[in-house]
1. Amide H of ASP220 versus every other amide H placed in the peptide plane: which residues, excluding those fewer than 5 positions away on the same chain, fall under 5 Å?
2. Round to a whole number: what % of the accessible area of the chain belongs to carbon and sulfur, probe 1.4 Å?
3. Estimate the FRET efficiency between GLU76 and SER18 by the formula 1/(1 + (r/R0)^6), using the beta-carbon distance for r and 30 Å for R0, to the nearest 0.05.
4. Defining a contact as two alpha carbons under 8 Å apart and six or more residues distant in sequence, what relative contact order in percent does the chain show?
5. Can you tell me how the chain classifies by the Cα gyration tensor, rounded, prolate or oblate, using a/c under 1.5 as the rounded cut?
6. Normalised by the residues of segment 103-235, what does the relative contact order come to in percent, with Cα pairs under 8 Å and at least six apart?
7. Among the lysines, select those whose C-alpha is under 23 Å from the C-alpha of LYS70, and discard any that sit fewer than 8 residues away in the same chain.
8. For the chain, return all DSSP H helices satisfying: extent of Cα atoms along own axis at least 20 Å; mean Kyte-Doolittle hydropathy at least 0.0.
Amino acid sequence: MADSNSNNNHVLVLFSFSVFSRPSSVAVGSGYEVLIQKFRSIYGYQIDVHRKFVIQYFSEEWGQFIDLPKGFAISEKCRLKLVPVQMDITILGNLSSATTVFFCCDMQERFRPAIKYFGDIISVGQRLLQGARILGIPVVVSEQYPKGLGSTVQEMDLTGAKLVFPKTKFSMVLPEVETLLAEIPGVRSVVLFGVETHVCIQQTALDLIGRGFEVHIVADATSSRSMMDRMFALERLSRTGIIVTTSESVLLQLLSDKEHPKFKEIQNIIKASAPESGLLSKI
């Protein structure tokens, strides 16, 4: 039941971060995503969006703050605290097939004549999709306004993709994608490729790191209509802590060991080097 101080189905909450505490209100039934956005709206630039956080609430039973239980929803007046998660810098950048998802962004037919070196990034995207199937990595595929821009190009085999969805928003981070990510146990890293680098790729990457995911952008599998737009987008993203990498690096890092049972299959994919197109000098 909502607290007696609630108004119009809203409940008073004390939001604490670092040495600060500020009262505000949220709707009854608000869950984690609403609460994290509320913290950001209150504390703004003081919160580093590239860090991971946990929300804790004050338990009267225990007399201290404890981690927010899964599925928690606000029902009465309470005290919440946003706590940064300390991360060991030595593990950043590591990829594991058990904790990784591939995002394929808007590789559609109507972009073929407009995107620079589109044939090359199709070729590399095929390698990544094939590698994902071999290693059992979930694949999420977006299509920007497919009614007008067409479906994903036929060369790219989407067999086994977890989700193929239309969108009008530039970012791939839509509610259905967030739901899927929440259902995949232990997912930590997103390998992202497609078009355009400075629009949908960039906005997807920023949304993902804002939600605590580590993002790897595959430079030889992403492009734009303008090489200047592409170049400055990759430079900007790399400065935010996003990892700009290559398809071969990603696939071999996921294997980790020559003795991996799928090594031969992945080796067959990368036996011929990825295209050394005009993208090479513009990373």
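1. So ASP220 has HN proximity to SER247.
2. 52 percent
3. On the way: r = 25 Å, r/R0 = 0.84.
That gives a FRET efficiency of 0.75.
4. Details: 499 pairs, mean separation 50.9, N = 283.
Contact order relative to length: 18 percent.
5. Numbers: a/c = 2.24, a/b = 1.91, b/c = 1.17.
Taking the square roots of the gyration eigenvalues as a ≥ b ≥ c, the chain is prolate.
6. Worked out over segment 103-235, it gives 32 percent.
7. Answer for LYS70, where 23 Å is the Cα cut-off: LYS38, LYS52, LYS81, listed by chain and number.
8. Numbers: long enough: 118-135 (25 Å, 0.68).
Helix filter hits for the chain: 118-135.
The values are calculated or read from the model by the stated rules, or taken from the named source; none is laboratory data. What you see is a predicted model; the values in this text were computed from it and never measured. Cβ sites come from the backbone with ideal geometry, for glycine too, and all protein chains shown count toward neighbours. Note: areas computed on protein heavy atoms with side chains; ligands, DNA, RNA excluded. Shrake-Rupley method; radii C 1.70, N 1.55, O 1.52, S 1.80 Å.
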